[in-house]
Amino acid sequence: MNADKEKWILLVVLSIIWGSSFILIKKSLEHFNPFQVGSLRVLIAGIILLPIAISNYKLFPKKHIKWLILAAFTGNFIPMFLFPIAETEVSSSIAGIINSMMPIFVIIVGALIWKFETTKKQILGTLISFTGVCILAFGGGDSGELKMIPILLLLLATLCYAVSTTTVKSKLMEVSSTVLSAFVFSFVLFFPSIIALTSTGFFSEFTFSKDNMLGLLFVSLLSVFGTGLAMMMNYRLLKVSTPLFASTVTLVMPIVAIIWGIIDGEQLTYMQFIGAGVIIAGLIFLRTNAKK
């Protein structure tokens, strides 16, 4: 399969998987608190990928250990907690829409840290999408409540993803996508996730009740598909494309997230639909004028 065809297939499949992650987070939160959801998501992925990490330990990029740690915590640890915390206050649809800001942060982080070339049209696309985020933040509900804190947490999580994506592309492309994912979850994040989960009292409070087992099912689906498998595919996508192209997976993700949200009974206000449309318009403008 040629690289051009592969990158589009990966883009579509990743959009579906990650777009479905937000509703799985929502369902997991019906059974566990946000910190337990985040910890379990990372820990389960680490357990599943441990055999791959152990069998390929000689490929561990020791000379790039600091970059591996940076990519792991910004891309696969911190956001795993920020998204569940935010989704206790906002819908899974909104979380999916905010996550579509990732290409914006990829441009900003790439230009500031890695000196990626940035065009004026990319900056204009950034400003258009930022306007959409402002509309989205101020357009919630009839209650008049402004959910700024969860919006900011979602933006921080998306910024973290951008830092991780650009770091992997710049420093860690010598390691295969599967092995890199295994190292991230099984070596770097395994013990931090256990410590985080223990601190929530999970091991002392957990019982094998129907409610808890259903919660584990949702978290396991989130971990296996939305974390482990998705990160392998994302790292592969970075190998056959650019960070900006890889980040445009978030263009389709909001559509998937909104569909799942509507199926689950969520509703968006007219202003939030407008805000989402402005975000996507800015991203399409950005993508159209981006260098391949």
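The values are calculated or read from the model by the stated rules, or taken from the named source; none is laboratory data. Note that the coordinates shown come from a computational prediction; the quantities given were computed from them, not determined experimentally. Reconstructed Cβ throughout: ideal geometry from the backbone, glycine too, with neighbour counts over all protein chains shown. To get the accessible areas, we keep the full protein, side chains included, count just its heavy atoms, and leave off ligands, DNA and RNA. Shrake-Rupley method; radii C 1.70, N 1.55, O 1.52, S 1.80 Å.
Using θ = phi - 60° and the Karplus curve 6.51 cos²θ - 1.76 cosθ + 1.60, what whole-Hz ³J(HN,Hα) does each residue of region 253-266 get, with Gly and Pro shown as x?
So the Karplus estimates, Gly and Pro as x, are 3, x, 5, 5, 4, 5, 4, 4, x, 5, 4, 8, x, 6 Hz.
Each residue of region 232-240 in order: what ³J(HN,Hα) in whole Hz does its phi give by Karplus 6.51 cos²θ - 1.76 cosθ + 1.60, θ = phi - 60°, with x for Gly and Pro?
For region 232-240, the Karplus-derived couplings read 4, 5, 5, 5, 5, 4, 5, 5, 9 Hz, x marking Gly and Pro.
At a 10 angstrom cut-off on C-beta neighbours, averaged per residue, how do the peptides 52-58, 160-166 rank from highest to lowest? Walk me through the intermediate numbers first.
Numbers: 52-58: 14.0, 160-166: 24.3.
Most protected by this proxy first, the peptides run 160-166, 52-58.
What order do you get for 178-188, 107-117 when each peptide is scored by the mean count of other beta carbon atoms within 10 Å, highest first?
Ranking the peptides 178-188, 107-117 by packing returns 178-188, 107-117.
Determine the dipole magnitude for region 1-159: charges of +1 sit on the beta-carbon of Lys and Arg, -1 on that of Asp and Glu, nothing else is charged, the reference point is the Cα centre, and the result goes in debye to the nearest 20.
Details: 13 positive and 8 negative charges, 156 e Å.
Computed charge dipole of region 1-159: roughly 740 debye.
Tally Lys/Arg at +1 and Asp/Glu at -1 over every other residue whose Cβ is under 11 Å from the Cβ of Lys27; what's the total?
Value of the local net charge: -2.
I'd like the distance separating the alpha-carbon centroids of region 218-292 and region 12-66, in whole Å.
17
Roughly how many Å² is the accessible area per residue of region 12-62, as a whole number, for a 1.4 Å probe?
Computed with neighbouring chains in place, this is 43 Å² per residue.
Where is the GNM fluctuation largest for the chain (alpha-carbon springs, 10 angstrom cutoff): Asn99, Asn234, Asn33?
Checking each option, the largest mean-square fluctuation is seen for Asn33.
So the label point goes 7 Å from the Cα of Thr269 along Cα→C-beta, right? Which residues of region 118-138 then have their backbone N under 12 Å from it?
The answer is 135-138.
Using a Gaussian network model of the chain whose springs link C-alpha atoms within less than 10 Å, name the residue from Ile280, Ile47, Ile255 with the highest mean-square fluctuation.
Ile47
Over the chain, with every protein chain in place, what whole percent of the accessible area is carbon and sulfur at 1.4 Å, could you tell me?
71
Taking θ as phi - 60°, what are the ³J(HN,Hα) couplings along region 270-282 by the Karplus curve (6.51, -1.76, 1.60), each to the nearest whole Hz, with x for Gly and Pro?
4, 5, 5, 5, 5, x, 4, x, 5, 4, 5, 4, x
Rounded to the nearest 10 Å², what accessible area does Leu24 have for a 1.4 Å probe in the complete protein model?
40
State the answer as a single residue: which of Ser176, Thr207, Phe32 lies farthest towards the positive end of the charge dipole of the chain, with beta carbon charges of +1 for Lys and Arg and -1 for Asp and Glu, about the Cα centre.
Going by the charge dipole, the pick is Ser176.
Within 14 Å, Cβ to Cβ, of Glu6, how many net charges do the neighbouring residues add up to if Lys/Arg are +1 and Asp/Glu are -1? Intermediate values should be presented prior to the final figure.
Details: positive: Lys5, Lys7, Arg236, Lys239; negative: Asp4.
Overall, the nearby charge balance is +3.
Heavy-atom accessible area of Ile123 with all protein chains present, probe 1.4 Å, nearest 10 Å²?
Only protein atoms counted, so the area is about 90 Å².
Among Ile69, Leu59, Ala45, whose Cα sits farthest toward the positive end of the charge dipole of region 20-110 (+1 at Cβ of Lys/Arg, -1 at Cβ of Asp/Glu, about the Cα centre)?
Leu59
Once you charge only the Cβ atoms, +1 for Lys and Arg and -1 for Asp and Glu, what is the size of the charge dipole of the chain about its Cα centre, to the nearest 20 debye?
1360
For the peptides 206-215, 9-18, 84-93, what is the packing order when you average, over each peptide's residues, the other Cβ atoms within 10 Å and list the highest mean first?
84-93, 9-18, 206-215
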